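Notes follow the structure.
The values are calculated or read from the model by the stated rules, or taken from the named source; none is laboratory data. Predicted model only: the values in this text are computed from it and were never measured. Positions of Cβ are backbone-derived with ideal geometry, glycine not excepted, and every protein chain shown enters the neighbour counts.
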């Protein structure tokens, strides 16, 4: 009888220990989730930056201007998704004023094509994280679009020079639901990378993957978005020249 009690007691302790070990493992796994998500996000950004880009064209940043910097545009196919586009050039202005033009709602209203509203929902570009609502009036028969964005600004050094990265992606917000008179677009990712060349010169890289939504076929969306990089670089450069 005593031996049987010892055996049962030993089995109970073993099960208790196994349960404690299991709980401990579960807690450790849960604690790893944020780090894992950050790693996935980082690897996705690295993938976007480095993999399988195909050159579309090379044009002057300022048409008709002698010795204008080149604006290079590229694309990348992503299976099952909207195509991604990238553009690179050099702008003859400092990194800080360019970053302000990219981030501040009042400035963006003056240079982003067809934007009619830019509302700061919360946060502030100066704080490095903010939410915004943007609306665009498009040419008939294409319906007007709108987006709700989360945006971040990160500062760092790259080869002992200043670097600023602005990341933009779509979110949902209870105060800005979808409207009946607009199609809600989705922006999986948009990245502006600014690298300081000198006090008066900045290397610019723009990268976007956007789904304008609606019933437009995917291949038409890709055609529409093909010119986004060049238009964006030229529009930003023109804004800097006039402000």
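Assorted remarks:
- Positions within the stretch 118-132 being part of a strand (DSSP E or B) and either within 15 Å of the chain's Cα centre (by Cα) or over 20 Å from residue 172 (Cα atoms) (or both), in sequence order: 129, 130, 131, 132
- Counted residues, the stretch 143-170 - those being surrounded by fewer than 13 Cβ atoms within 10 Å (Cβ to Cβ) and either outside any strand (DSSP E or B) or outside the structural domain of residue 127 (by TED's automatic domain parsing) (or both): 2
- Filtering the stretch 75-85 to residues that are surrounded by fewer than 21 Cβ atoms within 10 Å (Cβ to Cβ) and touching a residue at least 24 places away in the same chain (Cβ under 8 Å) leaves 75, 76, 77, 78, 81, 82, 83.
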